[in-house]
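Everything below concerns the one structure shown next.
None of the figures in this text is laboratory data; all of them are computed from the coordinates on show. Small disclaimer: the values here were computed from a predicted structure and weren't measured. Cβ: placed from backbone, ideal geometry, glycine included. Neighbour counts: every protein chain shown.
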Amino acid sequence: MTIDRRDFLRVATAGAGAALTGAATPAALAGRAAAVRSGQAPDVVVVGAGNFGAWTALHLQRMGARVTLIDQYGPANSRSASGGETRGVRTSYGDRPHGLQWGHWAARAIERWKEWDAQYFRDGLLPRLFYTTGDIIMRQEMTPFLEQTLENWEEMGWPYEILTADEIRYRWPFIHTPDVEVALYEPEAGVVRARRAIESVVQVFQAEGGTLRIGRVSMGDTGGRRVRDVRLENGDRVTGGIFVFALGPWFPKFFPALMGRRLSMRTLGHVYYFSTPPGDESYRYPNCPSYNVPGVTGWPALPRDSRGFRIRTGGHRGEDPDTSVRWIPAEAHEQPRSVLRKYFPALAERPINETRACHYCGTVSRNFIIDLHPDFDNGWLAGGGSAESFKQGPVLGEYIAGRVLGTETDEELAEGFRLLEEEFEEEEEGRRGDQAP
């Protein structure tokens, strides 16, 4: 038996405003009862426990829904787009037509990351996730990307500094600036421990009454314009009133006709963690900012586990997220070393501690996809991270939950996340993936 949708929304949204803006109390980790029950069936089923799915499930749970979260490999697994060690959080989106909106969300997300740590890390319940490193964008000249970023920051009232090469070398003597004439510095930007973040979000989700299931999912029964259930490989059926498909690079496999050419996920980005010199704290938090030079981003080694100094360069092709090769061959290691020789020469010949590779999930609009499935009135699509969704996870999940439950009604904002009719051409798909930030 399922609850009538109108009754569900009336009950679920009664206290949504307070639930959306506050994290659960530490006592919540002992578990609490969800506000809405519908017999033995969950009200909402979220398929995919990555950045989109995990945060959405948590916010849905806090808004009163009874939520089942399903992932084929488990939260923060190494094949997920959000399962890497770290992700940067910045607001500099002057290269996007929707950059101002993303900037506002990223700024709000920074505050949410800090609030999360203030609640769970300081109480000793979960590991620390967010580190304020500051972020420096270094260029040879002022570009349209930098100019628009400055305009966005001015409108946002967001703190920033414009630095010269001399000022960069004065503050961070270990950074070399052979071709740098101008830089933008964002002091509030930072770095998040990515896989630990997803693990933590799902842990809190479960402690607050949510259900997690591990297993590969396929579409189950549908009737008219409604999804009735999804099916696990062991034969179990998971029923619900609403379904959210947060599938990351698996979208084209799950919905091949709909998403096969609407999502670019052929390029895997290359990430390296270089060892830092023993006894030299220059390249470790908090002594080094995250950085952005043309085609490359990175940040300092974080304390405690100290994976190393992170640098992201180009990538390789990979068709299937279940089978794509995730290690980076030795012949590709010269590219990051050449970048380090230029800007961080003391690290250029240091050993590589580890490498990572994950699928970029780009869209034609270069914005996220948050929309109803065109064939189903109770099936939502949430994905198309465009290399930037993790930064905005706490706010993104809140927004998706509001859309799903009907409390978020900004039509202009929703239009930007619409599933477009346009599709990628083969060569265009590869080009956009290669240029993902």
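Quick notes
- Of Ile369, Ile352, Ile198, the one that fluctuates the most in a GNM where the chain has Cα springs shorter than 10 Å: Ile352
- Longest segment of the chain lacking trypsin sites (Lys or Arg not before Pro) that sit in a DSSP loop with at most 11 other Cβ atoms within 10 Å: 123-303
- Amide N proximity, segment 262-278 versus Glu425 label position 7 Å along Cα-to-Cβ, cut-off under 17 Å: 262-264
- Each of Cys361, Cys288 was scored by other Cβ atoms within 10 Å of its Cβ. Arranged with the fewest first, they read Cys288, Cys361.
- Put simply, the Cα atoms of segment 272-392 extend 59, 32, 27 Å along their principal axes, the longest span coming first.
- Gaussian network model of the chain, Cα within-10 Å springs - most flexible of Pro286, Pro278, Pro144: Pro278
- Once the Cα-Cα distance is subtracted from the 0.36 nm per residue extended length, the His333 to Arg304 segment shows a gain of 7.9 nm.
- Fewest-first sequence of Ser264, Ser78, Ser386 by Cβ atoms within 10 Å of each Cβ: Ser78, Ser386, Ser264
- Per DSSP, loop GluC sites (Glu not before Pro) in segment 299-352 with at most 13 further Cβ within 10 Å: Glu319, Glu349
- Separation of the Arg169 and Glu154 label points, Cα + 7 Å toward Cβ, nm: 3.0
- Length gained on full extension, Ser78 to Val325, computed as 0.36 nm times the residue gap minus the Cα-Cα distance: 87.8 nm.
- Net +/- balance of residues flanking Leu419 in space, Cβ distance below 9 Å, scoring K and R +1, D and E -1: 0
- Label-point gap, in nm, between Asp236 and Glu115 - each point 7 angstrom along Cα→Cβ: 3.3
- Cβ-to-Cβ counts within 10 Å put Thr133, Thr222, Thr355 in ascending order as Thr222, Thr355, Thr133, the fewest first.
- For segment 259-381, with +1 on Lys and Arg beta carbons and -1 on Asp and Glu, the positive-most of Cys288, Trp299, Ile370 along the dipole: Cys288
- Cβ-derived FRET efficiency at R0 45 Å, Asp123 paired with Thr143, nearest 0.05: 0.55
- Database remark: amide H of Gly269 closer than 5 angstrom to the amide H of Cys358, Tyr360 (H placed geometrically; neighbours at sequence offset of 5 or more, or on other chains; Pro and chain starts carry no H).
- For the chain, the average shadow cast by the Cα convex hull is 20.7 nm², which is a quarter of the hull's surface.
- Descending principal axes extents, segment 84-234, alpha-carbon based, whole Å: 62, 43, 29
- Taking label positions 7 Å along the Cα-Cβ direction at both Ala346 and Arg317, the computed distance is 4.1 nm, reported to one decimal.
- Scattering curve values for segment 230-279, log₁₀ I(q)/I(0), Debye with Cα scatterers, q = 0.19, 0.20, 0.22, 0.29 Å⁻¹: -0.82, -0.86, -0.95, -1.12
- Neighbour net charge for Gly260 - beta-carbon separation under 10 angstrom, K R +1, D E -1: +2
- As a length-normalised measure over Cα pairs under 8 Å and 6 or more apart, the relative contact order of the chain settles at 21 percent.
- Nearest 10 degrees, 0 to 90: helix 99-116 Cα axis against the chain principal axis: 80
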